[in-house]
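Read through the structure below, which is laid out as structure tokens, and then see the notes.
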Amino acid sequence: MKSSIAFAAGLLAACSTTEAGRRTVPLVDYHQHLVSPAFEPIVKLPQRDGAALVREMDEAGIRHAVVLSVGYSYGDERKGLADPDRMTREENDWTSRQVTANAPRLIGFCSANPLRPAAFAEIERCLDLPGMVGIKVHLGNAGISLRNPEHLRIMQQLFALAERHCAPVLVHMRARGGTDYGAEDARLFVEQVAPMAPSVEVVVAHLGASSPGYTTQNEEVMAEFAAAAQRKDPRIRNLYVDTSANITADISAEDAALAAKRIREFGVRRILYGSDLSAPGGSVRAGWQIFSTKMPLTPAELRTIARNRLSFIR
């Protein structure tokens, strides 16, 4: 009898979460990309301009999206491109035109590989372009590790630049190849990088690591962030995490439960929904439906995540 009651209660909770996910729609997709003519042969996906993204947002009922320029991608030395700095500039310019053509629905973030000598000047130039309000940095693509003292210094300089320009930052923190990455990197970020930009909102992508799924690396980073939140560390006062493409249709119940546990410890008001270029389920709409049905979060927690709004969203 007790087992039957427990099963019924669990089923009711699952149905409640599913119903809440259907009713609740995120205000903002905080992690999106476009596919320019120049980026198409690199990413091997069809072109996708700002208008195409807005159509997907309309289908999902999402009001705004943060468009992260992929200018950083051309600075990846493994691609062997002849003029990566020019291509980065042109990608940032193209992204600016797309977000301004679809304002106020789209908000643009500039990007460049911070290891390129021209990167900081390009980021400052880009922040003056219409519609471009923040900075995207991809440590893995750039080949940056916070465990490398020189790389750490460059990241501190980048965050100091963001502070000077009052520019929010979204950072893909996972190191290249996924090796030598985890709790140590999270501690370095909290203790030595985030304090360089105390006044701006900083978003760590993909639940602290990469996607899809919730891996040991996600868990190590989220555990460190959660511990900092629990002790009310002032250095993470403006730190947020996005969920872009982590929660997939085939995530295990155990991984989803562990991710939900860390989300609660870190604080649901610090969690931002994102779907990424390759959203789970193949669309922005499906990505949210999967997240809201697979994550063992309460209807109130889902509503909070859906409504979280950073200050640069007008």
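The values are calculated or read from the model by the stated rules, or taken from the named source; none is laboratory data. If you're wondering where the values come from, they're calculated on a predicted model, not measured in any experiment. For neighbour counting, all protein chains shown are included, and Cβ atoms are generated from backbone atoms with ideal geometry for every residue, glycine included. SASA here: full protein model, heavy atoms, side chains in, ligands and nucleic acids out. Shrake-Rupley method; radii C 1.70, N 1.55, O 1.52, S 1.80 Å.
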The percentage of the accessible area of the chain (probe 1.4 Å, all protein chains present) made up of carbon and sulfur atoms, to the nearest whole number, is 53 percent
Taking the alpha-carbon set of the chain, what are its Rg and Dmax in Å?
-> 19.1, 71
So how far, in whole Å, is the C-alpha centre of the stretch 196-262 from the one of the stretch 80-135?
-> 26 Å
Here P(r) for the stretch 164-251, Cα-Cα distances in 10 Å bins, as whole percents, is 18, 51, 27, 4, 0
Placing +1 at every Lys and Arg Cβ and -1 at every Asp and Glu Cβ, with all other atoms neutral, what dipole size does the chain have around its Cα centre, in debye to the nearest 20?
-> 880 debye
Helix hunt in the chain: which complete DSSP H runs extend at least 18 Å axially by C-alpha with mean Kyte-Doolittle at least -0.5?
-> 2-23, 149-165, 216-230, 253-266
For the chain, report the accessible area per residue in Å² (1.4 Å probe, heavy atoms, rounded to an integer).
-> 42 Å²
Listed peptides 170-176, 233-239 by packing density, highest first (mean Cβ within 10 Å) = 170-176, 233-239
With respect to the cross-link table entries 44/136; 136/232; 44/79, which display a Cα-Cα separation exceeding 23 Å?
-> 136/232
